[in-house]
Amino acid sequence: MSCLTAGLLQSCSTACSGGVSRFYLASIDDITSITETTGAITAITMQATKVFYEFVPYQETATFVENIDRINCNSAGTDTLNAVFPCRSQTVREALEELLDCCCGFVVIHEETNGQRWLWGSTKAINAAQTKVGFPAQLTNVNGVSGAAITDQNQTTITIEAKVTFQALPVDSAVVVPV
């Protein structure tokens, strides 16, 4: 039985700007269900009064990296988001402290500068066969620096990671975030 059904061609007319412009986090416990239809997220149901929270890092400082290895016919990898928030402050500290205290983890939706949104960090069954396995995203690192010179950036860099067995899923443009 063949496992290939299509190839991949690159269009010269497609521009793909890089970077993450914003991301949304929701506690994994605040999500009731996630619906995937034909490979895209088409609905997210939240517990009553619960929402995703928006985080907007400094321009051109946030990245998303997806690394999936294929070993012995099994896939395993890590989704990683790095983001910089300038001007260390009590407000930044308090927001990050909440993330550090959330041991159950998060579902992440990140929006790239080209407008495409991606969902990752979910343990919720997102397809009927439940063949996709992932773990909630966690805040794995907070690095605050004051800088040395007056022209140095005073900032906090965070890293959010999730262990996954599948690639991040696109979020349909009809899905309103925060949901």
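Note on segment 54-125: enclosed strands (runs of 3 or more DSSP E) holding 2 or more residues that are within 15 Å of the chain's Cα centre (by Cα), under 22 Å from PRO136 (Cβ atoms) and of a type in the set (Asp, Glu) are 106-112. If you go through segment 133-172 and keep only what is touching a residue at least 12 places away in the same chain (Cβ under 8 Å) and in a loop (DSSP other than H, G, I, E, B), you end up with VAL133, PHE135, PRO136, SER146, GLN153, ASN154, THR165, PHE166, GLN167, ALA168, ASP172. Annotation: of all residues in segment 132-179 being under 30 Å from CYS73 (Cα atoms) and in contact with a Leu (Cβ under 6 Å, 6 or more places away or on another chain), the one that is modelled with the lowest pLDDT is LEU169.
When you go through ILE68, ILE28, ILE41 one by one, which is the residue that is surrounded by 16 or more Cβ atoms within 10 Å (Cβ to Cβ), in contact with a Gly (Cβ under 6 Å, 6 or more places away or on another chain) and not hydroxyl-bearing (Ser, Thr, Tyr)? Criteria check complete, one pass: ILE28.
Given the residues LEU100, LEU119, which is the only one that is loosely packed, with under 15 Cβ neighbours inside 10 Å, modelled with pLDDT of 90 or more and in contact with a strand residue (DSSP E or B) (Cβ under 9 Å, 6 or more places away or on another chain)?
LEU100
In summary, PRO86 fulfils each of the numbered conditions (1) at pLDDT below 95; (2) touching a Phe, Trp or Tyr at 6+ places or on another chain (Cβ under 6 Å); (3) closer than 26 Å to SER173 by Cα with the single exception of condition (3). Scanning segment 73-94 for residues that are without any contact (Cβ under 8 Å) to a residue 40 or more places away in the chain and within 21 Å of ALA162 (Cα to Cα) turns up just one, CYS73. Only one of the numbered conditions (1) under 17 Å from ASN114 (Cβ atoms); (2) within 18 Å of the chain's Cα centre (by Cα) is not met by ALA26, and that is (1). Taking segment 103-115 as the range and being over 17 Å from VAL56 (Cβ atoms) and either of a type in the set (Ser, Thr, Tyr) or surrounded by fewer than 15 Cβ atoms within 10 Å (Cβ to Cβ) (or both) as the test, the residues that pass are CYS103, CYS104.
Restricting to segment 36-45, name every residue that is assigned to a strand (DSSP E or B) and either under 17 Å from the mean Cα position of the chain (by Cα) or small (Gly, Ala, Ser) (or both). Once the filter is applied, which keeps residues that are assigned to a strand (DSSP E or B) and either under 17 Å from the mean Cα position of the chain (by Cα) or small (Gly, Ala, Ser) (or both), segment 36-45 yields GLU36, ALA40, ILE41, THR42, ALA43, ILE44.
The values are calculated or read from the model by the stated rules, or taken from the named source; none is laboratory data. For clarity, every value in this text was computed on a predicted model and none was experimentally measured. Cβ sites come from the backbone with ideal geometry, for glycine too, and all protein chains shown count toward neighbours.
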